[in-house]
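The values are calculated or read from the model by the stated rules, or taken from the named source; none is laboratory data. Because the structure is predicted, anything quoted here is derived from the model rather than measured. Every residue, glycine among them, receives a Cβ derived from its backbone with ideal geometry; neighbour counts consider all protein chains shown.
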Amino acid sequence: MNLNLKKQKLIEVIKGILPNDIFLSSIEDCAPYGGDWTRLTGDPLLVFLPKTTEQVSLILKTCNELKIAVIPSGGRTGLSGGAVVINGEVVLCLSRMNKISSVDNLGRTIRVQAGAITEAVHEAAAKEGLLWPIDLASKGTCEVGGNLSTNAGGVKVIRYGMTRKWVSGLQIVLMNGDVIELNRGLEKNNTGYDLIQLLIGAEGTLAVITEATLKLVRLPQKEKVLFFSLSSLLAVSQLFEKARKGPFEILAFEFFSQRCLTAVITKLKRSSKLQKPSEFYVLMEIEMGLGTEPEVLLESWLEEVLAAHVVVDGLMSQSSAEKREIWGLREGITESISLTNEVRKYDTAVAVDKVVPFIEEAETLFHSMKLQSELYLFGHFGDGSPHLNIVRRDTVDHETFINECDIFEKELYLLLKKFGGSASAEHGVGLLKKSWVELSRTPQEMAIFRAIKTAFDPQHLLNPNKVFSLL
């Protein structure tokens, strides 16, 4: 059955069981749902906008019977092409399913639908003095379903870990329409395989997440943001070593290059209050104890850092507004780079003690290849997740840029394999990185992946051709 006949048949069946406002069918209406932040896009067969789990079940069951592929979608802030339409698939967008239930203070959990905006979950929890500690630059746009499906990381992984640590229950829908409630919010449940952990990070290839019970933690009581300029990556590592021994809890330890800061200042019109610029910068957020003693201990630690000449310059936030201003420099990097020119992003992970040598070798590789582009470095130093971004110069045409990136990419991932790293630290695999998954996984693991996919989705209709190839 060709795509047009499939579309007609699907509309005919759906109109008999669901309201007309549940789907979009025109090319113009469907187009915005065909891509994500990678700027890749495609033409959806139809776009479904369900409001309930029951509607999701009917949609998936119908598509399964008609053998029509489905791509789950949310805020579409992904950077790996996981929500991109490539073969005229149906898009199942869960953004209308955005209800947030009241906080369970006793169990410290909150029940939300998959389309709930991450920042809205933060706000609901904060009213009770609690936190869902998944903090992302895209938190005002990204949705919980996407956070779970990609096992999102963010800027506070060093303190709280990845998304998978903060979930105690999932409601999912299989491709055949079956609705399953996993774990029911239990803190302890040792009755066999943990299917929640299998679904988190599966990028919508196994089932559609419709609701989740999220685990919360107490809000930090006293936070400070420290901002430093440093002369080298080695100095960044030395500062991190001292911070690990500091009289505080590290919530975030982010680094970025001068080139990144310049992009944020010029493209987003933001400013840095540091008096002495340098090659690299570190934003460190810490949690301190209450009272005056922690303040004294922090001052003593800062004096030690300055006396050791580890940093070139530094400042400490004195207000909430100043904290937001400093964070704005870090959180504006991805947007400002995208505004600079065409970009190829690499979301890598290595052991923390290998971050410096890996970046140094990656920089050497980049410059030795004499590429006609610019390298922007930033990321989560504290959890071993540097982001490498190649940005096209105005003097280079699109085709040359793509060819150069492809050549560099192959060598970069071979270097990453040498360091025992991962081609995807937190953005998922999606479409863009599926060719490199086997550099991070063994043949035995890949065989298990394929068997799991077939067990959940025998016809291979759910987000097909993403994460790994079935053959």
Identify the residue in the stretch 440-463 that is modelled with pLDDT under 95 and in a loop (DSSP other than H, G, I, E, B) and, among all such residues, is surrounded by the most Cβ atoms within 10 Å (Cβ to Cβ).
Arg441
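Are any of the residues in the stretch 214-223 within 12 Å of Glu285 (Cα to Cα) and modelled with pLDDT of 95 or more? I'd like the intermediate steps shown before the answer.
To start, the set of residues in the stretch 214-223 that are within 12 Å of Glu285 (Cα to Cα) comprises 220, 222-223.
This time we only want the ones that are modelled with pLDDT of 95 or more, so: none.
No; the residues of the stretch 214-223 include none that is within 12 Å of Glu285 (Cα to Cα) and modelled with pLDDT of 95 or more.
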Quick one: is Lys242 assigned to a loop (DSSP other than H, G, I, E, B), over 28 Å from Leu148 (Cα atoms) and not assigned by TED's automatic domain parsing to the domain that holds Ser373?
no
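Within the group Phe358, Phe378, which residue is of a type in the set (Phe, Trp, Tyr), touching a helix residue (DSSP H, G or I) at 6+ places or on another chain (Cβ under 6 Å) and within 16 Å of Leu234 (Cα to Cα)? First the steps, then the outcome.
Values: Phe358 fails: touching a helix residue (DSSP H, G or I) at 6+ places or on another chain (Cβ under 6 Å).
Step by step, each of Phe358, Phe378 is checked, and only Phe378 is of a type in the set (Phe, Trp, Tyr), touching a helix residue (DSSP H, G or I) at 6+ places or on another chain (Cβ under 6 Å) and within 16 Å of Leu234 (Cα to Cα).
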Yes/no for Ala235 being closer than 19 Å to Phe358 by Cα, surrounded by 15 or more Cβ atoms within 10 Å (Cβ to Cβ) and out of contact with any helix residue (DSSP H, G or I) (no Cβ under 6 Å at 6 or more places or on another chain):
yes
Test set (1) crowded, with 22+ Cβ neighbours inside 10 Å; (2) more than 26 Å from the chain's Cα centre (by Cα) - Val282 fails condition number
(2)
List every residue pair whose Cβ atoms sit under 8 Å apart, with the two residues 6 or more apart in sequence or on different chains, where the first one lies in the stretch 49-65 and is closer than 20 Å to Gly115 by Cα and the second, anywhere, is modelled with pLDDT of 95 or more and part of a helix (DSSP H, G or I).
Pro50/Val56; Pro50/Ile59
Quick check on my filter: what residues within the stretch 1-48 are within 30 Å of the chain's Cα centre (by Cα), more than 19 Å from Asn463 (Cα to Cα) and either part of a helix (DSSP H, G or I) or touching a residue at least 40 places away in the same chain (Cβ under 8 Å) (or both)?
Ile22, Ile27, Glu28, Asp29
Could you give every pair whose Cβ atoms fall below 7 Å, whose first residue belongs to the stretch 118-144 and is free of Cβ contacts under 8 Å to residues at least 40 places away in the same chain, and whose second residue is of a type in the set (Asp, Glu) and not in a strand (DSSP E or B), counting only separations of at least 6 or pairs across chains?
Lys139/Glu119; Gly140/Glu119
Do the conditions hold for Leu182, that is, is it surrounded by 19 or more Cβ atoms within 10 Å (Cβ to Cβ) and touching a Gly at 6+ places or on another chain (Cβ under 7 Å)?
yes
Testing Cys142 on (1) within 30 Å of Thr62 (Cα to Cα); (2) more than 16 Å from the chain's Cα centre (by Cα), one condition comes back false. Which one is that?
(2)
Being more than 24 Å from Asp383 (Cα to Cα), in contact with a helix residue (DSSP H, G or I) (Cβ under 8 Å, 6 or more places away or on another chain) and polar (S, T, N, Q) is the filter here; which residues of the stretch 238-297 pass it?
Thr266, Ser271, Ser272
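Here is a list: Val396, Val437. Which entry is more than 24 Å from Phe256 (Cα to Cα) and within 20 Å of the chain's Cα centre (by Cα)?
Values: Val396 fails: within 20 Å of the chain's Cα centre (by Cα).
Exactly one of Val396, Val437 is more than 24 Å from Phe256 (Cα to Cα) and within 20 Å of the chain's Cα centre (by Cα), namely Val437.
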Enumeration of residues in the stretch 138-177 that are surrounded by fewer than 24 Cβ atoms within 10 Å (Cβ to Cβ) and touching a Ser or Thr at 6+ places or on another chain (Cβ under 6 Å)
Ser138, Lys139, Thr141, Asn151, Ser168, Gly169, Gln171, Gly177
If we keep just the residues of the stretch 6-35 that are more than 23 Å from Lys99 (Cα to Cα) and among the acidic types (Asp, Glu), which is surrounded by the fewest Cβ atoms within 10 Å (Cβ to Cβ)?
Glu28
Report the residue count in the stretch 287-313 for those that are among the β-branched types (Val, Ile, Thr) and over 18 Å from Pro277 (Cα atoms).
2
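Rundown of residues vs (1) in a strand (DSSP E or B); (2) touching a residue at least 60 places away in the same chain (Cβ under 8 Å); (3) in the same structural domain as Phe381 (by TED's automatic domain parsing), yes/no style:
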position	(1), (2), (3)
Ser271	no, no, no
Leu274	no, no, no
Met284	yes, no, no
Glu304	no, yes, no
Val311	no, yes, no
Gly314	yes, yes, no
Ala321	no, no, no
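Scan the stretch 245-263 for residues that are buried (at least 22 other Cβ atoms within 10 Å of the Cβ), in a strand (DSSP E or B) and hydrophobic (A, V, I, L, M, F, W, C) and jot them down. Steps first, please.
Keep residues of the stretch 245-263 that are buried (at least 22 other Cβ atoms within 10 Å of the Cβ), which gives 252-256, 260-261, 263.
Then keep just the ones that are in a strand (DSSP E or B); that gives 252-256.
Scanning the stretch 245-263 gives Ala252, Phe253, Phe255, Phe256.
If you take the residues of the stretch 286-296 that are in contact with a Leu (Cβ under 7 Å, 6 or more places away or on another chain) and outside any loop (DSSP other than H, G, I, E, B), which of them is surrounded by the most Cβ atoms within 10 Å (Cβ to Cβ)? Walk me through how you get there before you give the answer.
Here is the first cut: in the stretch 286-296, the ones in contact with a Leu (Cβ under 7 Å, 6 or more places away or on another chain) are 286-288.
Filter again for outside any loop (DSSP other than H, G, I, E, B), leaving 286-287.
Details: Ile286: 24, Glu287: 16.
Among residues in the stretch 286-296 that are in contact with a Leu (Cβ under 7 Å, 6 or more places away or on another chain) and outside any loop (DSSP other than H, G, I, E, B), the one surrounded by the most Cβ atoms within 10 Å (Cβ to Cβ) is Ile286.
Residues in the stretch 121-155 that are farther than 20 Å from Leu199 by Cα, at pLDDT below 95 and not polar (S, T, N, Q): how many?
The initial filter retains those residues of the stretch 121-155 that are farther than 20 Å from Leu199 by Cα, namely 121-131, 135-141, 155.
Keeping just the survivors that are at pLDDT below 95 gives 135-141, 155.
Those still in the list that are not polar (S, T, N, Q) too: 135-137, 139-140, 155.
Of the residues in the stretch 121-155, 6 are farther than 20 Å from Leu199 by Cα, at pLDDT below 95 and not polar (S, T, N, Q).
Look at the stretch 111-134 and say how many of its residues are among the hydrophobic types (A, V, I, L, M, F, W, C) and in a loop (DSSP other than H, G, I, E, B). Step through it out loud before you land on a result.
If we filter the stretch 111-134 for residues that are among the hydrophobic types (A, V, I, L, M, F, W, C), which is where we start, we get 112, 114, 116-117, 120-121, 124-126, 130-132, 134.
Next, from what is left, pick out any that are in a loop (DSSP other than H, G, I, E, B): 114, 116, 132, 134.
Residues that pass the stated criteria total 4.
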Against the condition surrounded by 16 or more Cβ atoms within 10 Å (Cβ to Cβ), in the same structural domain as Arg270 (by TED's automatic domain parsing), in a strand (DSSP E or B) and hydrophobic (A, V, I, L, M, F, W, C), how does Leu329 come out, does it pass?
no
Which pairs turn up if I take residues in the stretch 400-416 that are free of Cβ contacts under 8 Å to residues at least 40 places away in the same chain and look for partners that are assigned to a helix (DSSP H, G or I) with beta carbon separation below 6 Å, at least 6 apart in sequence or on another chain?
Tyr413/Trp436; Tyr413/Leu439
